[in-house]
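Q: Sharing a structure with you now.
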Amino acid sequence: MGWSEVSRIVPCCLCLAALLTSVSSADFGDLFQPYWAADHIVAMDGEPLKLTLDNTSGCGFESKKKYLFGQTSMQIKLVEGDSAGTVTAFYMSSDGPNHNELDFEFLGNVTGEPYLVQTNVYVNGTGNREQRHSLWFDPIADFHTYSILWNRYHIRFLVDGVPIRMFANKEAAGVLYPKDQAMGVYASVWNADDWATQGGRVKTNWSHAPFVTAFRGFQIDACEAEEEAAGGCVGGGVFWWDAPAMSGLSSHQRRQLRWVQRRHLVYDYCKDRPRFHEMPGECLS
């Protein structure tokens, strides 16, 4: 199936998502606050938020609250030109050494070479569950929507509503799953030239600084965690992401995911047998 066919599916999925969430984009200050190098964050009324990286610092922002299941989305326009060595991150994370974390990391490259999008899942402080994808569009030319959906059934990573990765809850097979730690929502831009571009062979060229990533379209439709009870939500209730229909992908979404895996998956830890003495349990079951 080619992208033309996939693209015909996307509007239907986006309409369904809109009906389910009934959430419009919020202003940055309603949901987020700087947590690192606020002087490198440029916020102007009516303009996208800009995170800048130079040879003195990167920067980042965090949600004011923490959440237990739900969906968060941001529209991101990545660093233009020579972005080698830089990483733009959009992720969810809990606190502490045994934290849970769900990552989008956008790995910069030299001018003319494509970005790679790395996703990762940490459970109880352990990650090493990377997948890397190319994209079917130019992520520096315009804004695109990146989303993380997290429920009791699985974790979905989505790009413009298209699922690029599913991490299923396989607790029945003895595989740990992030379910009992509330997570905040974060974004940052930082220097990672020891590994980010071509395995660290290409370093950041600081003569091209500042490196700027733009953000807009902030959405969080998630269960706000009780401050004193990681397992509870403010107000309780039944949420759309817990519905039986959200236990898996629709047939349209499954076709989209297969298309992405066939055309754009460039690395999958579950297929990297030289790396693991024993393959992770979720890769086997």
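The values are calculated or read from the model by the stated rules, or taken from the named source; none is laboratory data. These numbers come from a predicted model, not from an experiment. In this analysis, Cβ positions are derived from the backbone assuming ideal geometry, glycine residues included, and neighbour counts consider all displayed protein chains. Just the protein is used for accessible areas: all its heavy atoms, side chains included, with ligands, DNA and RNA removed. Shrake-Rupley method; radii C 1.70, N 1.55, O 1.52, S 1.80 Å.
Q: Taking the stated definitions as given, is Thr52 surrounded by fewer than 22 Cβ atoms within 10 Å (Cβ to Cβ) and among the β-branched types (Val, Ile, Thr)?
A: When the stated conditions are applied, Thr52 passes them.
Q: Sticking with this structure for a sec: Only one of (1) out of contact with any Gly (no Cβ under 7 Å at 6 or more places or on another chain); (2) surrounded by 15 or more Cβ atoms within 10 Å (Cβ to Cβ); (3) assigned to a helix (DSSP H, G or I) is not met by Trp241, so which one is it?
A: Every condition holds for Trp241 apart from (1).
Q: State whether one or more residues within the stretch 82-89 are in contact with a Leu (Cβ under 6 Å, 6 or more places away or on another chain), open to solvent by 10 Å² or more (accessible area, probe 1.4 Å) and of a type outside the set (A, V, I, L, M).
A: The answer is no, given that none of the residues of the stretch 82-89 is in contact with a Leu (Cβ under 6 Å, 6 or more places away or on another chain), open to solvent by 10 Å² or more (accessible area, probe 1.4 Å) and of a type outside the set (A, V, I, L, M).
Q: Here is a further query. I'd like to know if the stretch 215-224 contains one or more residues that are out of contact with any helix residue (DSSP H, G or I) (no Cβ under 7 Å at 6 or more places or on another chain) and not in a strand (DSSP E or B).
A: Keep residues of the stretch 215-224 that are out of contact with any helix residue (DSSP H, G or I) (no Cβ under 7 Å at 6 or more places or on another chain), which gives 215-217, 219, 222-224.
Pick out the ones that are also not in a strand (DSSP E or B) and you get none.
No, because not a single residue in the stretch 215-224 is out of contact with any helix residue (DSSP H, G or I) (no Cβ under 7 Å at 6 or more places or on another chain) and not in a strand (DSSP E or B).
Q: Pairs only if they're at least six apart or on different chains, beta carbon under 7 angstrom, first in the stretch 36-49 and touching a residue at least 24 places away in the same chain (Cβ under 8 Å), second in a helix (DSSP H, G or I) and of a type in the set (A, V, I, L, M, F, W, C); list them, first residue then second.
A: Matching pairs, first to second residue: Leu49/Phe28.
Q: Restricting attention to strands (runs of 3 or more DSSP E) lying wholly within the stretch 71-155, give those where 2 or more residues are closer than 20 Å to Asp221 by Cβ and in contact with a strand residue (DSSP E or B) (Cβ under 9 Å, 6 or more places away or on another chain). Before you say what the answer is, go through the steps one by one.
A: Details: elements: 86-93, 101-107, 116-122, 131-133, 144-150.
Those strands (runs of 3 or more DSSP E) span 86-93, 101-107, 144-150.
Q: Of all residues in the stretch 213-238, which are open to solvent by 50 Å² or more (accessible area, probe 1.4 Å) and modelled with pLDDT of 95 or more?
A: Matches in the stretch 213-238: Arg216, Gln219.
Q: Name the single residue, out of those in the stretch 251-269 being hydrophobic (A, V, I, L, M, F, W, C) and under 19 Å from the mean Cα position of the chain (by Cα), that is least open to solvent (accessible area, probe 1.4 Å).
A: Val260
Q: Evaluate the stretch 61-71: report whether one residue or more is crowded, with 19+ Cβ neighbours inside 10 Å, under 14 Å from the mean Cα position of the chain (by Cα) and in contact (Cβ under 8 Å) with a residue 24 or more places away in the chain.
A: Pass one, the stretch 61-71, residues crowded, with 19+ Cβ neighbours inside 10 Å: 61, 63, 66-71.
Still in the list and also under 14 Å from the mean Cα position of the chain (by Cα): 70-71.
From what's left, in contact (Cβ under 8 Å) with a residue 24 or more places away in the chain: 70-71.
Within the stretch 61-71, one or more residues are crowded, with 19+ Cβ neighbours inside 10 Å, under 14 Å from the mean Cα position of the chain (by Cα) and in contact (Cβ under 8 Å) with a residue 24 or more places away in the chain.
Q: Where residues in the stretch 105-123 are farther than 17 Å from Gly199 by Cβ and not polar (S, T, N, Q), which of them is surrounded by the fewest Cβ atoms within 10 Å (Cβ to Cβ)?
A: Of everything passing the filter in the stretch 105-123, Gly112 is surrounded by the fewest Cβ atoms within 10 Å (Cβ to Cβ).
Q: Can Asp194 be described as in contact with a strand residue (DSSP E or B) (Cβ under 7 Å, 6 or more places away or on another chain) and farther than 28 Å from Gln256 by Cα?
A: When the stated conditions are applied, Asp194 does not pass them.
Q: Now a separate question. Quick test for you: out of Gln181, Gln198, pick the one residue that is open to solvent by 60 Å² or more (accessible area, probe 1.4 Å) and polar (S, T, N, Q).
A: Only one candidate passes the filter, namely Gln198.
Q: Within the stretch 90-104, track down each residue that is among the acidic types (Asp, Glu) and either open to solvent by 10 Å² or more (accessible area, probe 1.4 Å) or more than 28 Å from Asp138 (Cβ to Cβ) (or both).
A: Scanning the stretch 90-104 gives Asp95, Glu101.
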